[in-house]
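The values are calculated or read from the model by the stated rules, or taken from the named source; none is laboratory data. Quick caveat, the model's predicted, so the values are computed rather than measured. Ideal geometry is used to build each Cβ from the backbone, glycine not excepted, and the neighbour counts take in all protein chains shown. Note: accessible area is taken over every heavy atom of the protein model, side chains too, but ligands, DNA and RNA are not part of it. Shrake-Rupley method; radii C 1.70, N 1.55, O 1.52, S 1.80 Å.
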Amino acid sequence: TLLWTMQFGSTGFDAGHGLAVDSRSGSVFLTGYAQHALEGQTSVGGFDAFVSKLNSSSGAVLWTLQFGTNGADRGLAIAMDVSSGDFFVTGFSNSGLGGSDVFVSKLS
């Protein structure tokens with residue numbers, strides 16, 4: 001039984017790549033990338049990584065954080081530290097050190 005589907009994005013090419021569930025609240029966290037600005041956000045340039053928090057009962061987007069450099073940045077995986085409630089996002093960026101570089105971001 002399909003309970004819900006949530007579709008959102010920018011006016012360009014967007015993709016979700018990683019998902020984590022907060023076992024304490026049941027909230028769903030999604031990471032991926034967007035080619036242009038997501039609703040309520042500003043595009044930094046190229047592709048930007050993003051993290052969105054969704055309501056697990058309805059799929060409604062509660063908030064989104066879009067971040068990156070002026071190159072191509074992509075969030076690929078997300079994990080939660082259950083003891084602190086912090087999240088870690090990893091992916092890659094095509095600007096900064098040269099070529100494709102790894103990034104890790106911590107969100108609270």
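Here are a few things to note about the model shown:
- The residue that is nearest to Q7 (Cα to Cα), counting only those in segment 30-55 that are in contact with a Phe, Trp or Tyr (Cβ under 8 Å, 6 or more places away or on another chain) and of a type in the set (S, T, Y), is S52.
- Scanning segment 1-54 for residues that are among the acidic types (D, E) and in a strand (DSSP E or B) yields D14, D48.
- G85 meets the stated requirement of being small (G, A, S) and either within 11 Å of F29 (Cβ to Cβ) or modelled with pLDDT under 95 (or both).
- Among the residues of segment 23-40, the ones that are farther than 17 Å from I78 by Cβ and either in contact (Cβ under 8 Å) with a residue 40 or more places away in the chain or polar (S, T, N, Q) (or both) come to 1 in all.
- Across segment 1-50, the qualifying residues are those that are among the acidic types (D, E) and within 11 Å of the chain's Cα centre (by Cα), and the one among them that is least open to solvent (accessible area, probe 1.4 Å) is D48.
- Unique residue being modelled with pLDDT under 95, over 24 Å from W4 (Cα atoms) and not β-branched (V, I, T) when the list is S27, S23, S58, S100: S100
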